[in-house]
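Participant: Quick one: structure below, then a few questions.
What follows is calculated from the coordinates using simple rules that are stated; it is not laboratory data. Quantities reported herein were computed from a predicted structural model and do not represent experimental measurements. Cβ: placed from backbone, ideal geometry, glycine included. Neighbour counts: every protein chain shown.
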Number of protein chains: 4
Amino acid sequence: MTLRQNLRTLLLVGLGGVVGGSLVLALGARREAGAALARESEPLLSRGQEPQAVSIRGWEKGKGWAWNWGKDDEVGALNALTNESRAAALAQAKTGQVFDLGLTYSRRSYKWPGHSPGEIITFRSPDGVHRMHDADAPPLESNPDLVFWHSAAMFISDNVATQIDGLAHITAGPDYPWYNGFTESEWGGDWGPRKCDAATIPPIIARGVLIDVAAYKKVDALAGHTRITKKDLEETLAWEGVSVTPGDVVLVRTGTGRFWGEDGADHARIGEHDSAGVDLEGTKWLVAEQGAIMVGSDTSGYEVNPAPDAPGTGIPVHRYLLVDQGVHLGELHYLEGLSREKAYTFCYVAAVNKIKGAAAGFALRPLALR
Amino acid sequence: MTLRQNLRTLLLVGLGGVVGGSLVLALGARREAGAALARESEPLLSRGQEPQAVSIRGWEKGKGWAWNWGKDDEVGALNALTNESRAAALAQAKTGQVFDLGLTYSRRSYKWPGHSPGEIITFRSPDGVHRMHDADAPPLESNPDLVFWHSAAMFISDNVATQIDGLAHITAGPDYPWYNGFTESEWGGDWGPRKCDAATIPPIIARGVLIDVAAYKKVDALAGHTRITKKDLEETLAWEGVSVTPGDVVLVRTGTGRFWGEDGADHARIGEHDSAGVDLEGTKWLVAEQGAIMVGSDTSGYEVNPAPDAPGTGIPVHRYLLVDQGVHLGELHYLEGLSREKAYTFCYVAAVNKIKGAAAGFALRPLALR
Amino acid sequence: MTLRQNLRTLLLVGLGGVVGGSLVLALGARREAGAALARESEPLLSRGQEPQAVSIRGWEKGKGWAWNWGKDDEVGALNALTNESRAAALAQAKTGQVFDLGLTYSRRSYKWPGHSPGEIITFRSPDGVHRMHDADAPPLESNPDLVFWHSAAMFISDNVATQIDGLAHITAGPDYPWYNGFTESEWGGDWGPRKCDAATIPPIIARGVLIDVAAYKKVDALAGHTRITKKDLEETLAWEGVSVTPGDVVLVRTGTGRFWGEDGADHARIGEHDSAGVDLEGTKWLVAEQGAIMVGSDTSGYEVNPAPDAPGTGIPVHRYLLVDQGVHLGELHYLEGLSREKAYTFCYVAAVNKIKGAAAGFALRPLALR
Amino acid sequence: MTLRQNLRTLLLVGLGGVVGGSLVLALGARREAGAALARESEPLLSRGQEPQAVSIRGWEKGKGWAWNWGKDDEVGALNALTNESRAAALAQAKTGQVFDLGLTYSRRSYKWPGHSPGEIITFRSPDGVHRMHDADAPPLESNPDLVFWHSAAMFISDNVATQIDGLAHITAGPDYPWYNGFTESEWGGDWGPRKCDAATIPPIIARGVLIDVAAYKKVDALAGHTRITKKDLEETLAWEGVSVTPGDVVLVRTGTGRFWGEDGADHARIGEHDSAGVDLEGTKWLVAEQGAIMVGSDTSGYEVNPAPDAPGTGIPVHRYLLVDQGVHLGELHYLEGLSREKAYTFCYVAAVNKIKGAAAGFALRPLALR
C-alpha cells in the first residue's frame, strides 16, 4: 500500500469509515468517495498549504514527469495510471451523471487552417446500392425485403474537434525529436509517426478537475489572447474550493466552447476567443507542482496565442507538455455542462481512436462522470 | 423508486448491507455492487428461473424495445440508460482494472470489401514543414528552437475496426426506412444520413456481459459459418454462471479477434472465422427476452453468415436490431482479455466519435471496467 | 503528295468559298480549310453575311444540337466530330506553336466553395520508404543503390481548375433528368452518375475560336457580374475579324484567368471578376445560330452570375448547354496567351481524364495549336 | 498556300533525304516530314542503315539526353520539343483519325498495390442537394425548375491507369536525388516533390512509334516476365518497316492492355502479363542510340520484372530514364487499336493534369493522331 493510499485510508477512517482488510478491494469505491468528500469539505487545505506526502509513480514535485519510463516508452505520464488510481477516479462517479465533453465535427467545423479539411461523404446509400446492382449489393432474389445500408467515407484530419494530442505531435530541435528522443530520421514515416501514435495512448481514466477561469472571471468567455497565469489558476481553484492532486486530468475553461453550437460553423465567433489560453508558467505549475497527468481546455490549442516572452518557439506549452513532459494535451473539450453544474471534480474517461499512425485522437467524446 | 430498484435494495438488505436513507445517493455504487454479487453468488438462479419483476423503461419482455421513444427519436434503446443504470454499471468497476476492447486499425486491416479503403497519411511532417516554409510554417526567426509538428490526413471508412453501428446503418423496404421510420427520400443526404448518425449515439455506460461461446465450446475460435443459437447462448451463460439483465450490453465471443494481431493484416486467418455468429432466434432471445440494450461480438458482422432460413434478407439480424428494435450493434470488439480472465460481467463504456453524418462509430476503443 | 493534300491545294488555289451542295458532307475537311482561309483573308465577310450552306451532322440552325443521337447516347454534340473535322482542325496547327490552356491546381486554388476541397499529399517519399522497410519497400540487399520513389495520394474534386463539365453534371426537373433523359432514379449512383460521366467524353479536336471580349472592351478583366450578350459576342468577333462555324469550340475571354497566377491562391482577386459571363441569349446564339460544339471561358462558371431575368433557375446557361443541347462546357481555361498573341482561331485539343463516375474533367491542360 | 506548305511540297517532291548542315536545325519540321515519307516508302532503309546526320538539340548519340538543360531545369528531354518538331509531328495527322490511348480508371482498376487506393464518390447528387437544403443549394423559390447537379469527390493516386511518370518519381542514392540532382532534403515536401512535379511536364506533341512486339511474336500478349531486348526491338521495327528518329515517343506493346476491358477489374488476367517489359539494354538503345524523347508501354511498369542481372536496384530502367536521362515514362497506354490497324507511326499528343505536387500524370487519355 502506497503512502498515498495510507493517507486516503486515514481519511476514510477519520470520517467514520471502518474498512477491514478483506473488504478493501470490494469497497474501493467507497474509499475514494470518502477521499473526494474530504477534499471538498476542506477547501482551506487546498491553497497555500499543499497536501503532504502526496506521491505518484514517475512524478517528482518541481520536476514533473519527464522521461522516466524507459527508452522504448511511448506512453509518458499516463504510465502512472494504475488499477488503484482508476478505481479511485471511478469512485467519484457516484450518481451516474455523465457529461459528454465531445463537440460535434462536420465539414463546417472550426479548425486550425493548417490541418487538412474534412468531408464525410455517403459512400453507400440504400437507393444507390439498389440501383447499381454492383458486386457488393445483395442479389434481389435473396433480398426480397429490400434491405440495404448507409456507409460513409471520410477524409478527415487527426487534429479536429475534441482531440487529445499524441506524444509525437510536436517535435523540437534538429532531427526533430519528440517525446523520449524518438527522431524523425529513425521513426518518421509516410503513414504517420511510428512511435507514440494515437494507438499507443491508453484508455484515460483519472480524477478530473475543471478550472473554470471564465466563471471565476464572471465572463461568458475570455477575450481572445487572454493569458491565463498561475495566479489565475490558483485563484480559480481557491474560488471553486478544489485542489489538484497528482494524477489528475486538469481541464481549463475559457468559455470558447459555448460558441461551438451544433457543429462549430461560426468560425468568426469561435475564433474571437480561441486564442485565450494558459501560459507556460501556469502549465508548469499544473504539471510540475500539482502533478497533472494530462491538461486540456475548450480551445483548439490550450495555450495562449501568441505566446508571451518569445521563448524560442511560438508554442512553448505544446513543447513543454508533449516533448519535455510526455503529458498528453486535450483540446476543444466541451466544458459548458460541467461549468453550469459547478462540477469541478469528476471522473474523466477518454479513449482515443485506435488508429495506427494518427498523431492525435480526434472528434472524441470524452466523458466526465459524477 | 422503481420496482427494480426496490428489488435491488432488497437484495442489498438481505445480504447484510444496511443502507440508511441519506446514504442512498452517495452509496449508489455499493448498492449495485451488492446486486452484482448477488447474481454471481447465486448462479443457480440465473437459468430457467428468470429474475422476477425485472423492469426497465421502454422495454417489454417478449417484445423488446421497438419504437417507443417518440416520432423524432434517434437514440433507440439507449434512451433507457439513466443515472441509476449508469451508476449501477460503474459500481461494477471495483478494481480499476480496464480491458481495452479496441482493435488497432491500419491500412492493412481486415474489413468487409464493400467498405471504402483506408489510408492514414502524414500530412505535415516536421522536416516537411521546415523545408517548405509555407504559409502555415512558423517563420524561423520566431522559431529558433525548430519546433515543428506531425499531423495526419486520413481517408477512412466509418465501418472499420472496432465499431458500433448507428441506427441509420440499415434500411429495410421501399423508400428505405430505417429506425423509427426515417426514410431516404426525406432524411438521406450526400454527407451521410441526417437522422440517427453516429453523433446521436449517446455515451454508453452499462453493465456488460460476455457470452464466451468459444470458451464454452473449448475451441480457440469457432469455425467459419458457425451458427450460434439461443441454446448455445443459454448453455454458455449457465456454464459461466452469469445471467443477462435488462439494460445490459451483451458481447458474444467467437474467438475471431485473437487473429487480429497487431493490426488485422492476416485477412485469410481472420476471414476463416469471421462468418461465425449469432442467429436471429438467439438475438431475439437476447433482446426481447433478456433485455439486452446493445449486442456485439468479435466479428465484423455479429450475425452468422450466410443467414439460415432465408428470411427475406441476407442480414436479418442487422435488420432486427437496428431497424426493428433500435438496438445498436457492436462489431470487432476485442474480447480475448476478458475471456482469459473469465471476466464475464463488467462495466461497458463506449463513446463513439462525434462525427455528423457518420453511419457508425469506427476504430473505437470501448472499455470493460472491473 | 496525297490525294487529300492535292485537294486542299486545289481548294486553296481556286475555291473562293463556294462549295457545291453534293460535296459538302464528303469534304468537310476541305470546306473548313477553305472557310478558315476565307475568313482570315476576308474579314469583312464575317459579319452579317453568314457563310452559305454550312452544315454539320446533328446540328440544325436555329435549333442547335438537342438530343439527336439515339436514346442511349452519352456523347451529345461531340458526336459530330469526324475524321474530316479533326483533320481540318489539325490543319490549322501549321507552326507547331502550342498554348497551354491549363491552370495549375493546388490545395490553395480558387474554386466554388460547394465543391469538395483538395489535398495532394506525399504518399510515399524516398526517405519514408527507406525508413519504414514496409512490405512495399525493396529489401536493401537487392537495392544497394538506394533507389526509392515519390508518389502522391490526392483528395480532389472533379470540378476544379481547368475543367470540362460532363453531360451528367446538371439535372433539371423532377427525378432529376440530365442530357438525353437519363434520370437519377435509374442512372444515379453512389460512385458518380452512371451515364455521361467524364469517361464518355471523347477526345476533343476541333477548330477553336477565341472571343476576346476583355480585349475588345479594352479592359484587363471584365468587372464582376458583367453580362456578356449576343451583341458583345458579335461585336468582338467582328473586331477580331473572325467568325464561328458549325463544329467550333468557342472560348470567351473575360480576363479573369490573368489573376490565377501560380496556382489560384488569390481568391479575392479572382472572385472579383469570376462572376462575369455570357448570358443565355448569347449562348443560344453561339450554339443554335453559330453551331458551337462546345463553349467555354476563363471563369469558373462561364455564365454570368447572377443570371438575369430569373428564368426558373440560377444557372440557365448550364441547363441549356448540358441538358438541353448536350454541349460540353469548358471552365477556367487559361486564355491570356492566346489573347496576347491575338490567336483568335486555332486547333483546340482536350482529352479529359478517363475516370469512371467523374462528372467532369478537372485540372486539365487543354491545348490550342497554331 | 503558305510558305510552309510550299516547302513541304518541295521536300516531298525532290528531297531524297539529304539535308544540308545549316538547314538541319531550322528545318526540323521539314526534315521529319521527309524522313517520315522516306521511311514509309522505303522500308528497307530502316534497318542496319541508320539515317545520316539526324540531330536534335540536347541529345547526343551514344550518350542520350542526360542533364543538359541547366541546373534549374525540371523538364528534361522534353525541352527538345520545338515548334518545328511539333509541326512535323502534327503533319502526320493527315486523316483526322484519333486513337484514344487512355484506359478507364475506376475503384476496381488494376494497380500496383503499393499505390494508394481509389474511390470516386458522389459528393453532390441532385436529390441530395434537393433534400438537404444546405447552404450550397439554391433556394427553391429561385429554382422552381429544380435544377441541381452531380459532382464527385475522389481519393486517387497519381500513379493509376494510363500515366506518365514525372521526373521526380524516382530517386537514387543517399539524400535521394532525382533528375538534375534535386534532393529530398532540399526539395522534398509534404505535398509532393517541389521540383519536377507533374505540373512541370509540358504538353507532349511528338512523332510516335509503336513497337508492336506482341504482334511480331504472334501472340495475344507476351508471357509474364518476358524480357524484351534490344534485339526484339530491332527485329520488330524491321518487321514493321519503321525506324525511330531522335525526338520520337516510343511505345512498346506487350499486349497486356487487351485484358484491361471496361475498367481493369480482372486483376488476375492483367497481372499474368503485366511483368513483361523492356530491359535496360533495350531501353538504352531506344534512348541513347535512337533518340527516344519518351518511352512507354501498355504495362504498369514498362520494364521487365524482375530486373535481370541485378544491377543495384530492382528498377534499373526507371532510374535510367527518369533520373539519369530526364526521359518521361509512359505506362498503361492502350495500344490495341494502333496494333489492330498497324498504325506504327503517328502523332502522339499527351497533356498531363496540371496538379502541383503530383509525381505523375494519371488516368490520362493520350492521343495518337494519324
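Participant: Report, to two decimal places, the Cα Rg of chain A normalised by 2.2 N^0.38 Å (N = number of residues). Walk me through the numbers on the way to the answer.
Facilitator: Numbers: Rg = 22.3 Å, N = 370, 2.2 N^0.38 = 20.8 Å.
Output field value: 1.07.
Participant: If you don't mind, there's one more thing I want to ask. Quick one: D:Thr104, D:Thr200, fewest Cβ neighbours within 10 Å first, how do they rank? Provide the component values of the computation, followed by the final result.
Facilitator: Values: D:Thr104 24, D:Thr200 20.
Starting with the residue having the fewest Cβ neighbours, the order is D:Thr200, D:Thr104.
Participant: In addition: Give me the distance in nm between label points sitting 7 Å out from Cα along the Cα-to-Cβ direction at A:Trp112 and A:Glu341, one decimal.
Facilitator: Using points 7 Å along Cα→Cβ, the separation is 3.2 nm.
Participant: Please quote Rg/Rh for the range A:251-369 to two decimal places, taking the Kirkwood radius as Rh and restricting both calculations to Cα atoms.
Facilitator: Numbers: Rg = 14.4 Å, Rh = 15.2 Å.
Here Rg/Rh amounts to 0.95.
Participant: Only Cα pairs within less than 10 Å get springs; with that Gaussian network setup on chain B, which residue of B:Met154, B:Met132, B:Met294 has the largest fluctuation?
Facilitator: Comparing B:Met154, B:Met132, B:Met294 in the GNM, the peak value goes to B:Met132.
Participant: Using a Gaussian network model of chain C whose springs link C-alpha atoms within less than 10 Å, name the residue from C:Val129, C:Val295, C:Val75 with the highest mean-square fluctuation.
Facilitator: C:Val129
Participant: Now a separate question. How long are the three semi-axes of the equivalent ellipsoid of the protein assembly as shown, in whole Å, if each is the root of 5 times an eigenvalue of the C-alpha gyration tensor, listed from largest down? Kindly include the intermediate steps, with their values, before the conclusion.
Facilitator: Details: eigenvalues 836, 219, 195 Å².
So the three semi-axes of the protein assembly as shown are 65, 33, 31 Å.
Participant: Using alpha-carbon pairs under 8 Å, 6+ residues apart, how would you state the relative contact order of the range C:207-320 in percent?
Facilitator: 33 percent
Participant: Return the equivalent ellipsoid semi-axes of the range C:217-303 as a descending list in whole Å, where each equals the square root of 5 times an eigenvalue of the C-alpha gyration tensor. Could the numbers behind the result be given before it?
Facilitator: Numbers: eigenvalues 113, 32, 28 Å².
Equivalent ellipsoid of the range C:217-303: 24, 13, 12 Å, largest first.
Participant: Sorted from shortest, what are the nm distances separating the label point of D:Gly173 from equivalent points in the other copies, each placed 7 Å from Cα along Cα to C-beta?
Facilitator: Distances between equivalent label points, in nm: 3.3, 6.7, 7.2.
Participant: Most exposed first by the Cβ proxy, i.e. fewest other Cβ within 10 Å, how do B:Asp212, D:Asp175 rank?
Facilitator: D:Asp175, B:Asp212
Participant: Related question: How many angstrom lie between the Cα centre of the range D:245-317 and the Cα centre of the range C:54-68?
Facilitator: The range D:245-317 and the range C:54-68 have Cα centres separated by 45 Å.
Participant: Where Lys and Arg each count +1 and Asp and Glu each count -1, what net charge lies around D:Leu167 among other residues with Cβ under 10 Å from its Cβ? Mind dumping the intermediate values first?
Facilitator: Details: positive: D:Lys195; negative: D:Asp73, D:Glu74, D:Asp165, D:Asp197.
Combined, the nearby Lys, Arg, Asp and Glu give -3.
Participant: What percent does the relative contact order of the range A:308-370 come to when contacts are Cα pairs within less than 8 Å and at least six residues apart? Don't jump to the answer; show the numbers that get you there.
Facilitator: Working: 37 pairs, mean separation 15.9, N = 63.
Over the range A:308-370, the number comes to 25 percent.
Participant: Which distances in nm, rounded to one decimal and ordered from shortest, link the label point of B:Pro306 to the equivalent label points in the other identical copies, with labels set 7 Å from Cα toward Cβ?
Facilitator: 4.3, 5.8, 6.9
Participant: Same structure again: Total Lys pairs in chain A closer than 19 Å by alpha-carbon, pairs eight or more apart in sequence or interchain only?
Facilitator: 18
Participant: Sort all Cα-Cα distances of the range D:301-370 into consecutive 5 angstrom bins from zero, then give the percent of pairs in each bin up to the one containing the longest distance.
Facilitator: P(r) for the range D:301-370, in whole percents per bin: 3, 13, 18, 19, 20, 15, 10, 2, 0.
Participant: Within a 10 angstrom radius of the beta carbon, how do A:Glu186, C:Glu84 rank from fewest other beta carbons to most? Can you show the working numbers first?
Facilitator: Details: A:Glu186 12, C:Glu84 20.
Listed from fewest to most nearby Cβ atoms, that is A:Glu186, C:Glu84.
Participant: With charges only on Cβ, +1 for K and R and -1 for D and E, what is the dipole size of the range B:129-251 about its Cα centre, in debye, rounded to 20? Write down the numbers at each step before the final one.
Facilitator: Numbers: 9 positive and 18 negative charges, 112 e Å.
Computed about the Cα centre, the dipole is about 540 debye.
Participant: Moving to a separate point now. For A:Arg108, place a label point 7 Å out from Cα along the Cα→Cβ vector, do the same in each other copy, and report the separations in nm, one decimal, smallest first.
Facilitator: Taking the point 7 Å beyond Cα along Cα→Cβ, the inter-copy spacings are 2.8, 3.8, 4.1 nm.
Participant: Right, something else. What do you get for Rg/Rh over the range A:150-291 if you use C-alpha atoms and the Kirkwood form of Rh?
Facilitator: Details: Rg = 17.9 Å, Rh = 17.7 Å.
A ratio of 1.01.
Participant: Just how far, in whole angstrom, is the range C:140-216 from the range D:89-104 if you go by their alpha carbon centroids?
Facilitator: 21 Å
Participant: Right, here's the next one. Mind putting together the pair-distance distribution for the range D:84-140? All Cα pairs, 5 Å bins, whole percent per bin, short to long.
Facilitator: P(r) over the range D:84-140, rounded to whole percents: 4, 12, 11, 9, 8, 8, 12, 16, 8, 6, 5, 0.
Participant: Rounded to a whole number of µm²/s, how large is the Stokes-Einstein D of the range C:80-209 at 25 °C and 0.890 mPa s, given Rh as the Kirkwood radius over C-alpha pairs? Provide the component values of the computation, followed by the final result.
Facilitator: Working: Rh = 19.5 Å.
Value of D from the Cα-based Kirkwood radius: 126 µm²/s.
Participant: If the convex hull of the alpha-carbon atoms of the range A:45-154 is projected onto planes in all directions, what is the mean projected area in square nanometres?
Facilitator: Working: hull surface 63.0 nm².
For the range A:45-154, the mean projected area of the Cα convex hull comes to 15.8 nm².
Participant: A follow-up question, please. For B:Ile211, what charge total do you get from the other residues with a beta carbon under 9 Å from its beta carbon, if Lys and Arg give +1 and Asp and Glu give -1?
Facilitator: Numbers: positive: B:Arg253; negative: B:Asp212, B:Asp232, B:Glu240.
Around B:Ile211, the charge tally is -2.
Participant: For A:Glu186, what is the net charge nearby, where nearby means another residue's Cβ is under 13 Å from its Cβ and Lys, Arg count +1, Asp, Glu -1?
Facilitator: Numbers: positive: A:Lys71, A:Arg194, A:Lys195, C:Arg131; negative: A:Asp72, A:Asp175, A:Glu184, B:Asp127, C:Asp127.
Counting the neighbours of A:Glu186, the net charge comes to -1.
Participant: Still on this structure, I have one more. Under 8 Å for C-alpha pairs, at least 6 residues apart: give me the relative contact order for chain C, rounded to a whole percent.
Facilitator: Over chain C, the number comes to 26 percent.
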